Structure formats: C-alpha cells, structure tokens
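Notes to accompany the following structure.
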Amino acid sequence: MIVKPSAEGVMASVQAVGKGAGPAPVHLWNPPFCGDLDMRIARDGTWFHEGTPIGRPGMVRMFSNILKLEGGRYYLVTPVEKVGITVDDAPFVAVDFEAAGVGDAQRLTFVTHVGDRVVAGADHPLRVVRDAESGEPSPYVMVRDGLEALIDRKSFYRLVDLGVCVAHEGAEWFGLWSGGVFFPFIPAAELA
C-alpha cells in the first residue's frame with residue numbers, strides 16, 4: 001500500500017524529533033523521497049497547502065525550519081521522509097533590516113518573515129537580478145544552505161539610500177557594503 005505524503009505527517013515527524021525552535025540539521029538527513037506535497041510558497045512568502053494559505057505563523061516557521069534545497073528542487077525533510085514542494089521564487093522574504101556602521105565597516109542585518117536573522121557578508125551574500133524585459137530589480141540575501149530571501153520593496157528602497165559608487169573589477173558600480181564585502185548592484189553608468 002502506497003501512502004501519499006501529507007503535511008500532517010511531516011508535522012508529526014518534526015514534532016517527534018523536537019524541532020521548531022530553529023533550523024533543523026537537514027544537511028545531516030538523507031531519508032527516502034516520498035513524493036510531492038501539494039504545498040507552495042508564493043513570491044510574497046505566503047505558504048499554501050492544497051491551495052489554502054497556511055494562517056498559523058508557528059506552523060509556517062516549523063515548516064521553514066525543515067526546508068532544504070537539493071538539486072534545484074525544494075523539499076521538506078525530516079529524519080524519516082523527504083517531500084517535494086513548489087517555491088515560486090525564493091522561499092523567504094526579508095521584511096526588514098538594520099544598518100550599523102559606515103563604508104566597508106557597515107553591517108546589514110536582515111530579518112525574514114519567518115524570523116531568521118542574517119548579516120549580509122561573505123557567507124550571506126546579496127545579489128540583484130534584473131528582469132530582462134522591464135529592467136525591474138529583484139534583490140536577494142542568502143539565508144542558509146542555498147535558501148534565499150527576496151528583499152521586500154520597502155527594504156530595498158531603504159537599501160538604495162545606503163548605496164555607494166565604488167570601483168569594482170575595473171568599472172564603477174553602485175552597490176552596498178556589508179560585513180566587509182562590497183555587493184555590486186548596477187553599473188554606475190546605468191544609474192538614471
């Protein structure tokens with residue numbers, strides 16, 4: 001008899017190992033693939049199960065703590081099962097940040113909608129992808145293990161106010177410093 005994976009089953013497995021207070025050690029777990037779950041993370045960070053938004057923030061946080069990116073696909077992973085889910089863009093959204101320091105000593109600490117806090121730097125790089133047609137920027141910060149957060153619009157506008165032009169790899173770039181690393185966003189020549 002084949003048992004179809006369920007969100008309830010995954011939740012029970014997570015609770016059985018006592019997780020939920022932070023990211024689980026999913027990099028240590030390699031359970032068998034049990035199929036895909038009808039779960040989706042929308043671009044705005046909303047989690048859906050069978051087409052219905054998951055309205056309990058604690059449940060979303062618990063699921064986010066067992067999220068893993070492997071081979072370009074997203075999975076919820078427990079010690080005993082791995083189920084595939086759909087992610088429209090990035091699995092997290094950075095909803096705020098704090099800036100401390102100036103210049104190359106600046107530190108940008110981002111907070112995600114599920115409570116992760118990361119300081120942008122060598123281990124948590126920033127990047128901007130520009131839409132090929134519209135030129136619209138989509139900024140991201142690495143949260144953990146290949147899992148990124150899309151930086152929300154209000155935070156991105158605040159980041160732009162902190163941006164500087166710096167000579168980078170033979171050209172002048174507009175970007176940000178954080179954690180001793182310069183993150184180029186756009187060639188200075190393209191600034192309007």
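Net charge of the neighbourhood of Pro137, taken over other residues with C-beta under 12 Å away and scored Lys/Arg +1, Asp/Glu -1, is 0.
Model label sites at Asn30 and Leu69, defined 7 Å from Cα along the beta-carbon direction, differ in position by 2.1 nm.
When +1 charges are put on Lys and Arg Cβ atoms and -1 charges on Asp and Glu Cβ atoms, the dipole computed for segment 50-103 relative to its Cα centre reaches about 200 debye. Contact order, relative form, for the chain: 16 percent (alpha carbon pairs under 8 Å, 6 or more residues apart, mean separation divided by residue count). Here the chain is described by how far its Cα atoms reach on the three principal axes: 63, 35, 29 Å, from widest to narrowest. Using a probe of 1.4 Å, the accessible surface attributed to Asp131 totals some 70 Å² when neighbouring protein chains are kept in position.
When nucleic acids and ligands are ignored and a 1.4 Å probe is applied, Tyr157 ends up with an accessible area of around 130 Å².
On a 0 to 90° scale, report how tilted helix 7-16 is relative to the longest principal axis of the chain, with both axes built from alpha carbons and the result rounded to the nearest 10. Once rounded, the angle reads 90 degrees. Comparing Cα centroids, segment 51-81 and segment 26-45 end up 5 angstrom apart.
Each of Met59 and Cys165 was given a label point 7 Å from its Cα along the Cα-to-Cβ line. The distance between the two points is 5.2 nm. Full extension of the chain between Ala122 and Ser138 yields a length gain of 3.8 nm, computed as 0.36 nm times the residue separation minus the alpha carbon distance. Calculated accessible area for the chain comes out at 52 Å² per residue, all protein chains present (probe 1.4 Å; ligands, DNA, RNA ignored). Between Arg153 and Val80, the contour length at 0.36 nm per residue exceeds the alpha carbon distance by 22.5 nm. Taking the 0 to 90 degree range and rounding to the nearest ten, how far is the long axis of helix 153-162 tilted relative to the main principal axis of the chain, both from C-alpha atoms? It works out to around 30 degrees. Summed over qualifying helices (DSSP H, 4 residues or more, each -39500 (n - 2.57)) and divided by its residue number, the chain shows a 222 nm mean residue ellipticity of -4000 deg cm²/dmol. Computed about the Cα centre, the dipole magnitude for the chain is approximately 620 debye when only Lys and Arg (+1) and Asp and Glu (-1) carry charge, each at its Cβ.
The values are calculated or read from the model by the stated rules, or taken from the named source; none is laboratory data. This structure is a prediction, so every number in the text was calculated from the model and none was measured. With ideal geometry, Cβ positions are generated from the backbone for all residues, glycine too; neighbour counts draw on all protein chains shown. For accessibility, only protein heavy atoms count, side chains too; no ligands or nucleic acids. Shrake-Rupley method; radii C 1.70, N 1.55, O 1.52, S 1.80 Å.
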